[in-house]
Amino acid sequence: MDLQKIFRGISKKLMHDFEMSAQINHSGNKGDYRENALKEFIEVGRLPKRYGIGNGEIVGHISNVSKQSDLIIFDQLNNIPLMFDSKVQVYPIDCVYGIVEVKSHLSKSKLIEALDNIKSVKALSPNDTVKKQSIFVSQTYKRPKPFGFIFAYSLGGNSLKSLVENLKEWESNNSAEYWPNLIVVLGEGIIYHMKKGTFNETISSETISEDCYPSDFHHKDDSFFYFYSHLLDLCNNMQLPKVQLSKFLDLPIRQGKYIVKNNDRIVKEGSKVVYRFNEAFIDKMVIWCKAKGSMTKEELYKNQFGQLPHGMEEYDLNYQVYFYNPNNLLGLHEVDNAISVGENNRPVINPKVGIPSYYLVIDNETYYFSFSDITDEDYEVIPGKKVEDL
């Protein structure tokens, strides 16, 4: 059996389908037709059952979402999409092997568009480790990074050489962690990254680095065979973690340079909108707390309540936290009549008292504070979120 001839035949069929799609007038339908032609080849018996193929958006661990991806290769045995129907599909980054951006004619503008899409996916990848537990052994390994391929049916009035120059220009302004793994033009060739000082191409996201440079190879009719081989090899060499869906129920958000959690549910009396603490307040609180230093939760409770809450576990008491107290508010036990009864039998806290009544998790550290230290300038409305959404 001559695999080379088989894949050349497949390449010709894809090109024939591409030429036939030119008869479709609506540009959206053309795109769907061409994406589906590639998807059907890969999906129907050419990839192991554990690999699913979809399209849509990918969500990360900090409420960040990718751009729309043409083809998403995901783990469909151990993981599931967060949303899935014929039009809307959302996948957690944990279950994604990589994406393929499909273009009809790979002009410079279409190349940049595809590169930005790949960057939006790679930017979601957490830079951490994953623990795999079996009956007898526990294994920790670095989380694999998703790959990004560009597949084009033809050149867009240019050449592989000019695409290499366009790619170099884009990569000069973007970190290597966002660079594409492979660019293929059907019937023309492939652009790989080469390690400087070697003649070896590097494909995986872990091995593409600043000491790599893009280079074109004119595989011609064998281009599709190389594309498919690299796609299969990358998937087979990646070990994805299982998705923990609970993580996606309460995702942190990025505010400026901080990753913040528990900052999406502030409600003011009589208001129908939801507030959060703004970046200026977060920055002010972090700077003050870092200068003051952290304390244990036990110290915080004894300082501000005079005693420990009943039933607190010892491991929780030793947990390091910060307490934002710029006005040196006193503890509950240090002020006479610290809490009185106001209108409608509501408790009123003496303004001299600092009760750690709320906290934010900022860059995985916990910051407590009292609402007595908060002003209206510290809040901002969360666009589009209403009280009934909570």
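We did not get these values from a lab; they are worked out from the coordinates using the rules stated. For clarity, every value in this text was computed on a predicted model and none was experimentally measured. With ideal geometry, Cβ positions are generated from the backbone for all residues, glycine too; neighbour counts draw on all protein chains shown.
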Per the charge dipole of the chain (beta-carbon charges, Lys/Arg positive, Asp/Glu negative, Cα centre), the residue among 38, 121, 96 reaching farthest to the positive end is 38
In Å, the C-alpha Rg and Dmax of the chain are 27.2, 91
The long-range amide H neighbours of residue 385, using H built 1.01 Å from N in the peptide plane and a cut-off of under 5 Å, are 274
Between the Cα axis of helix 108-122 and the main Cα principal axis of the chain, the angle (0 to 90°, nearest 10) is 40 degrees
Per DSSP, the loop-located GluC sites (Glu not before Pro) within region 275-328 having at most 12 other beta carbons within 10 Å are 313
Packing-ranked peptide list from 326-336, 102-112, 69-79, highest mean Cβ count within 10 angstrom first, is 69-79, 102-112, 326-336
Residues meeting the amide H criterion for residue 91 (H placed from the backbone, H to H distance under 5 Å, 5 or more places apart or on another chain) are 57, 58, 59, 82
Once normalised by the length of the chain, the mean sequence separation of its alpha carbon contacts under 8 Å that are 6 or more apart gives a contact order in percent of 12 percent
At the level of C-alpha centres, the distance separating region 277-335 and region 349-390, in angstrom, is 14 Å
Magnitude of the Cβ-charge dipole (Lys and Arg +1, Asp and Glu -1) of region 260-390 about the Cα centre, nearest 20 debye, reported as 160 debye
Rounded to 0.05, the calculated FRET efficiency for the beta carbons of residue 271 and residue 159 at R₀ = 56 Å is 0.40
Highest mean packing first, using Cβ neighbours within 10 angstrom, the peptides 227-239, 113-125 sort as 113-125, 227-239
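Counting Lys and Arg as +1 and Asp and Glu as -1, each charge on the Cβ, what is the dipole of the chain about the Cα centre in debye, to the nearest 20?
Working: 45 positive and 51 negative charges, 170 e Å.
Once rounded to the nearest 20, the dipole reads 820 debye.
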Pseudo-spin-label distance residue 287 to residue 199, built 7 Å along Cα→Cβ, given in nm, is 5.8 nm
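Which links in 67/242; 257/284; 108/168 stretch past 19 Å when you go from one Cα to the other?
With Cα atoms farther than 19 Å apart: 67/242.
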Helix 223-236 sits off the longest principal axis of the Cα atoms of the chain, rounded to the nearest 10 on a 0 to 90 degree scale, by 30 degrees
Two pseudo-spin positions, 7 Å from Cα along C-beta at residue 64 and at residue 310, lie apart in nanometres by 4.6 nm
